[in-house]
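Worksheet: the structure to be examined is printed underneath.
The values are calculated or read from the model by the stated rules, or taken from the named source; none is laboratory data. Since this is a predicted model, take the numbers as computed values, not measurements. Backbone-built Cβ (ideal geometry, glycine too); neighbour counts: all protein chains shown.
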Amino acid sequence: MKIQTAEHTGGTIRPAQKEDLSVIARIWLEANIQAHSFIPSSYWQDHLPMVEELLPQAEVFVYETLEGIQGFLGMNGDYIEGIFIRQEARSRGIGKTLINCAKSQKHKLRLSVYCNNTGAVKFYQREGFQIEKEGIDPDTGQAEYSMIWKF
């Protein structure tokens, strides 16, 4: 993805830099704990070192304002690994802006989302994603949807 200014939300989307990784990892941890109350927070804390190791290998795009990084989207090919927004910055169109940026670069996007994360499921459906199938995340034992969006 290229750098994009998102005037309606007052920020810029750009590729993550090495110096962004600690902020991104903190947003990842906090957002997962907040969004997934049905999974023990220790699960996310235990996985943080692995995420910190894998982040540099993914395509990561941050949404940044004058106040700093507000959120990010991680991709692996056409698979969205996740969208994570700081709690204070949610419901301001940042997730939609990140999704639209990804849509502008790809003809198809896929992702997985926990069925119990109803807010995220509804968000992705509003953004044109459709449920392809339901399965179980082997790491958490939680039901999840595989979703797809096509141009």
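Can Met147 be described as over 25 Å from Val23 (Cα atoms), part of a strand (DSSP E or B) and hydrophobic (A, V, I, L, M, F, W, C)?
Yes, satisfied.
Which of the residues that make up the range 6-24 are modelled with pLDDT under 80 and either within 19 Å of Glu53 (Cβ to Cβ) or exposed (fewer than 11 other Cβ atoms within 10 Å of the Cβ) (or both)?
Matches in the range 6-24: Glu7, His8.
Can you find a residue in the range 105-128 that is over 24 Å from Ser42 (Cα atoms) and touching a residue at least 60 places away in the same chain (Cβ under 8 Å)? Steps first, answer last, please.
To start, the set of residues in the range 105-128 that are over 24 Å from Ser42 (Cα atoms) comprises 105-110, 122-128.
In the following step, the residues that additionally are touching a residue at least 60 places away in the same chain (Cβ under 8 Å) were identified as 105.
The answer is yes; a qualifying residue exists.
Of all strands (runs of 3 or more DSSP E) completely enclosed by the range 8-89, which ones contain at least 2 residues that are aliphatic (A, V, I, L, M)?
In the range 8-89, the matching strands (runs of 3 or more DSSP E) lie at 59-65, 68-76, 79-85.
Can you tell me how many residues in the range 25-43 are without any contact (Cβ under 8 Å) to a residue 60 or more places away in the chain and surrounded by 19 or more Cβ atoms within 10 Å (Cβ to Cβ)?
So the count comes out to 4.
Residues are listed down the side, and each one gets a yes or a no for (1) modelled with pLDDT of 95 or more; (2) in contact with a Leu (Cβ under 9 Å, 6 or more places away or on another chain); (3) of a type in the set (D, E, K, R):
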position	(1), (2), (3)
Trp28	yes, yes, no
Pro56	no, yes, no
Gln70	yes, no, no
Asn76	no, no, no
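Residues of the range 93-136 being under 15 Å from the mean Cα position of the chain (by Cα) and either among the acidic types (Asp, Glu) or in a loop (DSSP other than H, G, I, E, B) (or both), which ones?
Correct list: Gly93, Asn117, Glu127, Phe129.
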